[in-house]
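Structure record follows, encoded as structure tokens.
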Amino acid sequence: MKKITMFHIDECKYCDFAKQAIAELRAENPEYEKVEIDMINENEHPEIIENYDYWSVPSLFIGKEKIFEAALFMPYETVRDGVRLAFDRALES
């Protein structure tokens with residue numbers, strides 16, 4: 001099982017969407033509870049984010065591979081689908 005790295009910032013609507021999706025998806029699928037998520041606030045850890053390629057938050061990675069990156073005006077459902085994809089990829093062998 002792989003670990004998800006999620007970059008976020010405080011007071012970000014789309015980051016809140018991702019956090020809500022994580023909670024909902026874990027409630028729906030107990031397998032997702034087993035996936036570790038390393039939540040990194042980009043404002044607190046600039047030394048970490050410079051090693052990743054993304055433009056907006058939330059961004060979810062497995063290793064250095066970007067699985068999902070939010071964009072302005074993205075609806076909750078799209079963010080949720082991106083979080084689900086990250087969970088599914090983390091569970092792949």
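Every number in this text was worked out from the coordinates using simple rules, so none of it is lab data. No experiment lies behind these values; they were computed from the predicted model shown. We place every Cβ from the backbone using ideal geometry, glycine too, and count neighbours over all the protein chains shown.
Annotations for the structure displayed:
- Exposed loop sites here mean trypsin sites (Lys or Arg not before Pro) with a DSSP loop assignment and at most 13 other beta-carbon atoms within 10 Å; the chain contains its longest site-free run at 4-63.
- Under 19 Å of direct C-alpha separation, and excluding same-chain neighbours fewer than eight residues apart, K64 reaches these aspartates and glutamates: E36, D38, E42, E47, E50, D53, D88, E92.
- Spatial separation of Cα centroids for the stretch 68-92 and the stretch 16-60, in angstrom: 10 Å
- Under the convention that each Lys and Arg Cβ holds +1 and each Asp and Glu Cβ holds -1, the size of the dipole of the chain around its Cα centre is about 240 debye.
- Ordering H8, H45 from the fewest to the most neighbouring beta carbons within 10 Å gives H45, H8.
- Inter-label distance, K34 to K3: 1.8 nm, where each label sits 7 Å from its Cα along the C-beta direction.
- Dimensions of the stretch 4-91 along the principal axes, based on C-alpha atoms and rounded to the nearest Å, stand at 34, 27, 18, largest first.
- Hits among lysines - C-alpha to C-alpha of K19 under 19 Å, sequence gap 8 or more where chains match: K2, K3, K34, K66
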